[in-house]
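Every number in this text was worked out from the coordinates using simple rules, so none of it is lab data. Here the structure is a predicted model, which means the values were calculated and not measured. Neighbour counts are summed over all protein chains in view; Cβ atoms, including those assigned to glycine, are modelled from backbone coordinates with ideal geometry.
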Amino acid sequence: MEYDIIGDIHGKAPVLEALLRKLGYRRANGSWTSPENRMCLFVGDFIDRGEHQLEVVEIVRSLVEAGRALAVMGNHELNAVAWHRRFRPDTPKNRKQHLEFLAQVGEGSDLHDELVEWFLTLPLWLDLPQLRVVHACWDPASLDVLGARLRDARLTEDLIECATTGTANALAADGTREPGSPVFAAGETLLKGMEIALPEGMSFHDKDGHLRHHVRMRWWMRTPATFADIALGTGERADPALEVPIPPGVLPGYDDAKPLFLGHY
Ligand SMILES: [Mn+2]
């Protein structure tokens, strides 16, 4: 099998359709055909932002159901699950991020329920014979935490709360409760990436002018020299304040056992 790997779509259905046509995929009798021995791999983030979010979900879902695609969950689908179950705080910032999806689907509608149920069928990662896929970060420690609890890399109903809130306790493999939520931290890492706290007293201004004490990081780097080397989202030129050596052993790096494909960044 050969794969056509398609990045974050965010509600841009016409662009997705044009790409699929260019790659030789065709709609046929409510299903899909694909070029011989090919299928799509979607890296997540189907919703939020764009004008045609329902169409994007319909296309990806019908390709998956036709056996012509595999797809992983993005952080926007995880947020949608959390919002639907009322575990995601209804703050102005969170609502604004999800507003377009809620308007298109009709918040609280049967379709809203149905799409969230489909989001829950998406695995958080794929480890295929030839390659791996995860939305943001292939972190072995987080994969261990989730691999022991999820079913085939998918969230189960009883794990939704602890996977989407920072306060709920997580169920251990033997059914006991653990303090805090390693499941939440692990899910955040895989779907939103890794952040690192800057050394005590250090901060920088991001491209939106917000003062930051943590940086999103290029977790795949092996030999970072400074915080500036690994920092994402610091704009064209990293703040000179970040030119500070980073402690060894902080980054998970990547073992290169197979090619890894990400979205998100
Ligand atoms: Mn994302």
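Points to keep in mind about this one:
- Each residue of the range 125-131 was assigned a 3J(HN,Hα) from its phi angle through the Karplus curve 6.51 cos²θ - 1.76 cosθ + 1.60 (θ = phi - 60°); the sequence is 7, 10, 10, 8, x, 9, 7 Hz, with glycine and proline shown as x.
- Helical runs assigned H by DSSP (4 residues or longer) give the chain a calculated mean residue ellipticity at 222 nm of -9500 deg cm²/dmol, each run adding -39500 (n - 2.57) before division by the residue total.
- The range 2-127 pair-distance distribution - Cα-Cα, 5 Å bins, rounded %: 2, 11, 22, 24, 19, 12, 6, 3, 1, 0
- Annotation: amide H of residue 231 within the under-5 Å range of 218, sequence separation 5 or more or interchain, hydrogens built in the peptide plane.
- For the residue pairs 93/207; 96/207; 12/207; 93/192; 12/96, the alpha carbons lie more than 23 Å apart in 12/207.
- Of the chymotrypsin sites (Phe, Trp or Tyr not before Pro) in the range 95-126, those whose Cβ has at most 12 other Cβ within 10 Å and which sit in DSSP loop: none
- Among the GluC sites (Glu not before Pro) in the range 1-60, those placed in a DSSP loop whose Cβ has at most 10 other Cβ atoms within 10 Å are 36.
- As an equivalent ellipsoid, the range 1-70 spans semi-axes of 19, 12, 11 angstrom, where each value is the square root of five times an eigenvalue of the C-alpha gyration tensor, largest first.
- Shape summary: the chain maps onto an equivalent ellipsoid whose semi-axes, from the alpha-carbon gyration tensor, are 31, 22, 20 Å in decreasing order.
- The antiparallel fraction among DSSP beta bridges confined to the chain stands at about 65%.
- Computed over the alpha-carbon atoms, the range 35-91 gives an Rg to Rh ratio of 1.06, Rh here being the Kirkwood radius from the mean inverse distance.
- Annotation for the range 62-144: GluC sites (Glu not before Pro) lying in DSSP loop with at most 15 further Cβ atoms inside 10 Å of their Cβ are 107.
- Distance between the range 106-131 and the range 27-89 - C-alpha centres, whole angstrom: 7 Å
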